[in-house]
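The block underneath contains the structure these notes are about, expressed in structure tokens.
The values are calculated or read from the model by the stated rules, or taken from the named source; none is laboratory data. From a predicted model like this one, the values you see are computed outputs, not experimental measurements. Using ideal geometry, Cβ is built from the backbone for each residue, glycine included, and neighbour counts are taken over all protein chains shown. Just so you know, the surface numbers come from the protein's heavy atoms only, side chains and all, with ligands and any DNA or RNA stripped out. Shrake-Rupley method; radii C 1.70, N 1.55, O 1.52, S 1.80 Å.
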Amino acid sequence: MHFIRPRRAGISLRSTFGNRHSPFYHPVMSLKIWIDGKFYDKEDAKISVYDHGLLYGDGVFEGIRVYRGKIFECDAHLRRLFDSARGIRLTPPRTPQQFRAAMEETIKINNFSDCYIRLVLTRGVGYLGLNPNKCPNPSVIIIADTIELYPAEMYEKGMYIITSSVVRTHPNSLSPRLKSLNYLNNILAKIEAADAGVPEAVMLNQDGNVAECTGDNIFIVRNGQIQTPTTADGILEGVTRQVMIDLCRELSIPCIEKSLQRHDLYISDECFLTGTAAEVIPVTRIDGRPVGNGIPGSLTRKLIAAFHKLVRGEAKN
Ligand code: PMP
């Protein structure tokens, strides 16, 4: 670990330079990464090339936010992690309470108050064949870091997206409800978005129904009603999606889960995406077509403000 000297006597090195939200923050202090119960400097945080998480994408993960020092929706994320692990017949080597404690320790040692946590559970070290039974010890990795997926301007003005030609994985192949380490299906759609010059793509399922974006759930507004695809249409049951559904109920905004087609996107009045990393972001153009009148809609802005109030205790917009 490298140390830097405070420039003025009386300034605490930890509270000034070490606090990642301090204007004086200096990134010379290496991030500490938690791997299987031990902390490593970021440069030394490594796993084996024989880990099946790397060789086969054999593992599951969660992306989690910390707001004002508290892990946001911790129980929901841990429940989903354990469900995903169960879905691939992987027994987590720790209890939910131990996962929570390890995440809290990682936040604390890195002196974060707001951050993003990547919690990864891999099948562990095995041999070069597929057989997971030859991987006796699953591995757990916890990374706490900052994340900014999209420029601030997009949250104000809205994002352009496309519908992708890449069909979302069939639920009976690898269920999109399972947050596995294999994101190639999503990555292929993301590449298509980049080729089209937009940051996100919405994927349709095998029946042509709207599923979700590559890393976010999708909502539309139609005649004052919020609509979002059902779980049956092959989506990750997003934690942020559920928070939005609950916020709609609290604000008495009608919200339903139903199958949507591409046509529903094209005739929607408003559209927005939700995800842990992206939070809530308006969509103002889909496949080159303006959504509503081409600017973030009033219900979208109302929900974004409610979300900010919930997580950061501040009223925005
Ligand atoms: N769908 C996919 C494919 C995702 O990867 C994610 C998370 N990045 C989401 C939806 C949103 O889920 P959450 O709100 O739990 O982050």
Within the bounds of segment 117-125, is there any residue that is open to solvent by 50 Å² or more (accessible area, probe 1.4 Å), in contact (Cβ under 8 Å) with a residue 12 or more places away in the chain and more than 23 Å from the chain's Cα centre (by Cα)? yes
Among the numbered criteria (1) in contact (Cβ under 8 Å) with a residue 24 or more places away in the chain; (2) under 19 Å from the mean Cα position of the chain (by Cα); (3) under 30 Å from GLY294 (Cβ atoms), which one does VAL60 miss? (3)
Residue list for segment 265-279, filter: aromatic (Phe, Trp, Tyr) and within 10 Å of ILE226 (Cβ to Cβ): PHE272
Say whether the condition of being among the acidic types (Asp, Glu), open to solvent by 70 Å² or more (accessible area, probe 1.4 Å) and within 16 Å of the ligand (Cβ to nearest atom) is met by at least one residue in segment 81-104. yes
Select from segment 188-203 the residues that are open to solvent by 70 Å² or more (accessible area, probe 1.4 Å) and not hydrophobic (A, V, I, L, M, F, W, C) and list them in ascending order. LYS190, ASP195
Under 9 Å between Cβ atoms, which residue pairs at least 6 apart in sequence (or on different chains) link something in segment 268-293 that is on the phi > 0 side of the Ramachandran plot and assigned by TED's automatic domain parsing to the domain that holds LEU119 with a partner that is open to solvent by 20 Å² or more (accessible area, probe 1.4 Å) and within 15 Å of the ligand (Cβ to nearest atom)? none
Go through segment 167-187 and report how many residues are in a loop (DSSP other than H, G, I, E, B) and under 16 Å from the mean Cα position of the chain (by Cα). 7
Please return the ranges of strands (runs of 3 or more DSSP E) entirely within segment 62-166 where 2 or more residues are outside the structural domain of ASP216 (by TED's automatic domain parsing). 115-122, 139-145
Every listed condition ((1) open to solvent by 30 Å² or more (accessible area, probe 1.4 Å); (2) within 20 Å of PRO176 (Cβ to Cβ)) holds for PRO132 save (2)
Of the numbered conditions (1) in the same structural domain as SER298 (by TED's automatic domain parsing); (2) assigned to a loop (DSSP other than H, G, I, E, B); (3) not hydroxyl-bearing (Ser, Thr, Tyr), ALA193 fails exactly one; give the number of that condition. (2)
Pairs with Cβ under 8 Å, 6+ apart, first in segment 215-240 and away from the ligand (no atom under 11 Å from the Cβ) and assigned to a helix (DSSP H, G or I), second of a type in the set (Asp, Glu) and open to solvent by 10 Å² or more (accessible area, probe 1.4 Å): THR231/GLU237; THR231/GLU257; ASP233/ASP207
